[in-house]
Amino acid sequence: MGGEGDNPMAPEGESAQLARLILTLRSQGVTDPKVLSAIETTPREVFTPDLFKERAWEDSALPIACGQTISQPFIVGLMTQALKLEPRARVLEIGAGSGYQTTILSKLARLVYTVERYRTLLREAEGRFQALGLTNVITKFGDGGKGWPEQAPFDRIMVTAAAPSEPKALLSQLKPNGVLVAPIGKGPVQSLRRYTGDGRGGFAVETLAEVRFVPLLDGVAKEL
Ligand code: SAH
């Protein structure tokens, strides 16, 4: 009796917010139980700045340091599901940002390699991986547009910044039957594309949704 749910004036409890978020994602097509469970068990408030912690369970993108954003949970779910992860997969992520997407990937794959061009963001993300006890995330400060040649080929690649055109360097670091998911486009709205290797060096390309990502920029950031 007297729980938060009974009082329309009381702020919604965290578990109620989380339940609502999962329902929203499911109704919008994120139905893979493993993906939903990874989202459910990843505390998004750990990845959001103090100012926005109360909004951590909203289905919206939020600002993080260095003028970047933590992606909207629905988009994280959609992209993770589209990647068709297998537990043995080695995954490359471009754009660690807050480390939220990295953490979700780390729960569904064997190893996650992530690249970020801002030292500050990477350092903060590394602190979160450590605090959460993740042992299968490997980080690198660098220009992710070039991929991670020393660790290639990868089973899966996820790009969380908008590539201006087909990311050829990254596709060349994918295994023959691998899958790459990336927002592609130069404008404020991009196409979320999935490239699936045909085993002979070619790719099947699908457009999955319209998305809004910060751009994939050349080189590393000069600022911290
Ligand atoms: N996956 C992140 C989303 C971060 S936004 C999260 O869940 O929080 C996109 C990130 O891509 C930003 O942090 C941006 O700095 C980074 N980025 C953009 N261009 C890059 C590049 N060439 N190499 C590496 N990271 C890049």
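Please determine, in degrees from 0 to 90 and to the nearest 10, the orientation of helix 119-131 with respect to the longest principal axis defined by the Cα atoms of the chain, where the helix direction is its Cα long axis.
60 degrees
With a 1.4 Å probe and every protein chain kept in, tell me what percent of the accessible surface of the chain is carbon plus sulfur. Write out the running numbers ahead of the final one.
Values: 5880 of 11080 Å².
Carbon and sulfur atoms account for 53 percent of the accessible area of the chain.
Please compare each pair in 84/175; 140/168; 146/186; 53/186; 84/186 to a cut-off of 22 Å on the Cα-Cα distance and tell me which ones are over it. Write down the numbers at each step before the final one.
On the way: 84/175 14 Å; 140/168 20 Å; 146/186 18 Å; 53/186 31 Å; 84/186 26 Å.
Flagged as over cut-off: 53/186; 84/186.
If you take every DSSP beta bridge whose two residues both sit in the chain, what share of them, in percent to the nearest 5, is antiparallel?
On the way: 16 of 36 bridges.
Taking every DSSP beta bridge with both residues in the chain, the antiparallel ones total about 45 percent.
I want to make sure I understand the PRE zone here: with the label point 7 angstrom from the Cα of residue 168 toward its beta carbon, which residues in the stretch 206-221 have backbone N atoms less than 17 Å away?
218
Would you list the P(r) distribution for the stretch 15-211, with all Cα-Cα distances sorted into 10 Å bins from 0 and each bin expressed as a whole %?
9, 38, 40, 12, 1
Give me the 1.4 Å probe accessible area per residue for the stretch 60-112, excluding ligands and nucleic acids, in Å². Each step should come with its number before you reach the end.
Values: 1590 Å² over 53 residues.
Ligands and nucleic acids excluded, the figure is 30 Å² per residue.
Multiply the residue separation of residue 146 and residue 217 by 0.36 nm, subtract the distance between their alpha-carbon atoms, and state the gained length in nm to one decimal.
On the way: separation 71, 0.36 × 71 = 25.56 nm, distance 1.10 nm.
In short, 24.5 nm is gained.
Peptides 56-64, 75-83, 107-115: what's the order by average Cβ count within 10 Å, highest mean first? Don't skip to the answer; put the middle values down first.
Values: 56-64: 18.0, 75-83: 23.9, 107-115: 22.1.
My ranking of the peptides, most packed first, is 75-83, 107-115, 56-64.
Give me the number: length gained by fully extending residue 207 to residue 177, i.e. 0.36 nm times residue separation minus the C-alpha to C-alpha distance, one decimal in nm. The partial results should precede the final answer.
Details: separation 30, 0.36 × 30 = 10.80 nm, distance 1.82 nm.
Working it through step by step, the gained length comes to 9.0 nm.
How much FRET efficiency would the formula 1/(1 + (r/R0)^6) give for residue 189 and residue 135, where r is the Cβ-Cβ distance and R0 is 41 Å, rounded to 0.05?
Details: r = 37 Å, r/R0 = 0.91.
So the FRET efficiency works out to roughly 0.65.
How large is ³J(HN,Hα) for each residue in the stretch 23-35, as worked out from phi by the Karplus curve 6.51 cos²θ - 1.76 cosθ + 1.60 (θ = phi - 60°), to whole Hz, x for Gly and Pro?
In residue order, the calculated couplings are 4, 4, 4, 4, 5, 9, x, 8, 10, 5, x, 5, 5 Hz.
Stretch residue 14-residue 28 to full length: gain in nm at 0.36 nm per residue minus the Cα-Cα span? Walk me through the numbers on the way to the answer.
Details: separation 14, 0.36 × 14 = 5.04 nm, distance 2.12 nm.
Here the segment from residue 14 to residue 28 would lengthen by 2.9 nm.
The values are calculated or read from the model by the stated rules, or taken from the named source; none is laboratory data. Please read these numbers as outputs of a predicted model, since none were measured by experiment. Quick reminder, even Gly has a Cβ in these numbers, built from the backbone with ideal geometry, and neighbours come from all protein chains shown. What goes into the accessible areas is simple: the full protein's heavy atoms, side chains included, and nothing from ligands, DNA or RNA. Shrake-Rupley method; radii C 1.70, N 1.55, O 1.52, S 1.80 Å.
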